[in-house]
Amino acid sequence: MPTYNRATEYRLSNMMESNRRVDETDRALCLEEDVPEQSGPLILSLDMATETRSVAVARGPQVLAVESYEGRSQSARDVLSAVDDVLRRADALISDVDLFAVTRGPGSFTGLRSGLATIKGFAATLARPVVGIPTLHAVARATRCEGRVLAVIPAGRGEVYAQLLDLPKSHGPMVELTEPVHVPPQAMLEAARASGGDVLWAGSGALLHAESIREFALQQTIRWRDAATLFGVDETDAPCWSLANALCSLAEAIARVALEKFMLNQTVNADLLQALYVRASDAELNEKWRVSNPITVP
């Protein structure tokens, strides 16, 4: 049995107890309007790639329970405790889950590995399909807007992960206008300017650099909106930038994208789920430097 199976197996029995509880406030959360509450697959989604860890349980497009918390804890016990909590609040058991979903990067290296191992363990043990959602895709989808979205999250050391995406009006698959990149904020700003057109800046990285983004836009005579609105409502064709509201958690957006993938039969087995790192880890960079700069003893 793979290591990640052994790491989660001991908790499965605890999550399959008959003691269930429903929190009606969680059932009021919905991914889409006018959708029957009990339709579609039961989805368990998890994000540990960003600063705010989150877990959600959804039945099709309907969110049943969500849990989010700040901090850098990636211990297996903390993750499994959060999963156990949302399952109980959704009146569900781990064995009821039809589809598992998780952010696969970019983001925190330790968080990514912990999140992927947890979801792979559940999916492999229960023989369920899984979907790995690029973190920046989830950030863009969480805006619930349409048009061009530049998703940005911190990458440490003052740099960011960023990707320009196009979200269609029909709620269809988003289009990657650029590859995800790991760049300094100034390079991100220059690339956004060169892309032309309207841009909705989204994610914790955009909020972190909001003032710099606004100042750069004004310097470049790009119109700026203080509040995010749907694109296509302005009277002029001049490019306009705006900033999306802060996101409470990514787990709900992950469930939404996972449902789209499920309907398109784009799920995989647990052993095929891989991380999307964008850049090498510090350990890998240090090893590459060591190999390229061998120490010689005179």
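Here are the numbers for this structure:
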quantity	calculated
Any chance Leu164 is within 22 Å of Gly105 (Cα to Cα) and either aromatic (Phe, Trp, Tyr) or in the same structural domain as Leu150 (by TED's automatic domain parsing) (or both)	yes
Count - residues of the stretch 200-237 that are modelled with pLDDT under 95 and among the charged types (D, E, K, R)	6
Among (1) surrounded by fewer than 23 Cβ atoms within 10 Å (Cβ to Cβ); (2) on the phi < 0 side of the Ramachandran plot, the one test that Ala142 misses	(1)
Near pairs, Cβ below 6 angstrom, 6+ apart or cross-chain, from the stretch 249-274 (in contact (Cβ under 8 Å) with a residue 12 or more places away in the chain) to any residue that is charged (D, E, K, R) and in a helix (DSSP H, G or I)	Ala253/Arg141; Arg256/Arg141; Val257/Arg141; Ala270/Lys120; Leu273/Lys120
Pairs with Cβ under 9 Å, 6+ apart, first in the stretch 196-209 and touching a residue at least 60 places away in the same chain (Cβ under 8 Å), second assigned to a strand (DSSP E or B) and of a type in the set (Gly, Ala, Ser)	Ala202/Ala151; Gly203/Ala151; Gly203/Ala162
Filtered residues of the stretch 83-95 (kept if surrounded by 22 or more Cβ atoms within 10 Å (Cβ to Cβ) and small (Gly, Ala, Ser))	Ala90
Listing of strands (runs of 3 or more DSSP E) fully contained in the stretch 1-118 that carry 1 or more residues being among the basic types (Lys, Arg), under 28 Å from Ala246 (Cβ atoms) and modelled with pLDDT of 95 or more	52-59, 99-105
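Here is a yes/no grid of residues against (1) closer than 15 Å to Ala202 by Cα; (2) without any contact (Cβ under 8 Å) to a residue 24 or more places away in the chain; (3) in the same structural domain as His209 (by TED's automatic domain parsing):
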site	(1), (2), (3)
Ser68	no, no, no
Asp84	no, no, no
Ala124	no, no, no
Arg128	no, no, no
Val152	yes, no, yes
Gly158	no, no, yes
Glu179	no, yes, yes
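The values are calculated or read from the model by the stated rules, or taken from the named source; none is laboratory data. Predicted model only: the values in this text are computed from it and were never measured. Note: ideal-geometry Cβ built from the backbone for every residue, glycine included; neighbour counts use all protein chains shown.
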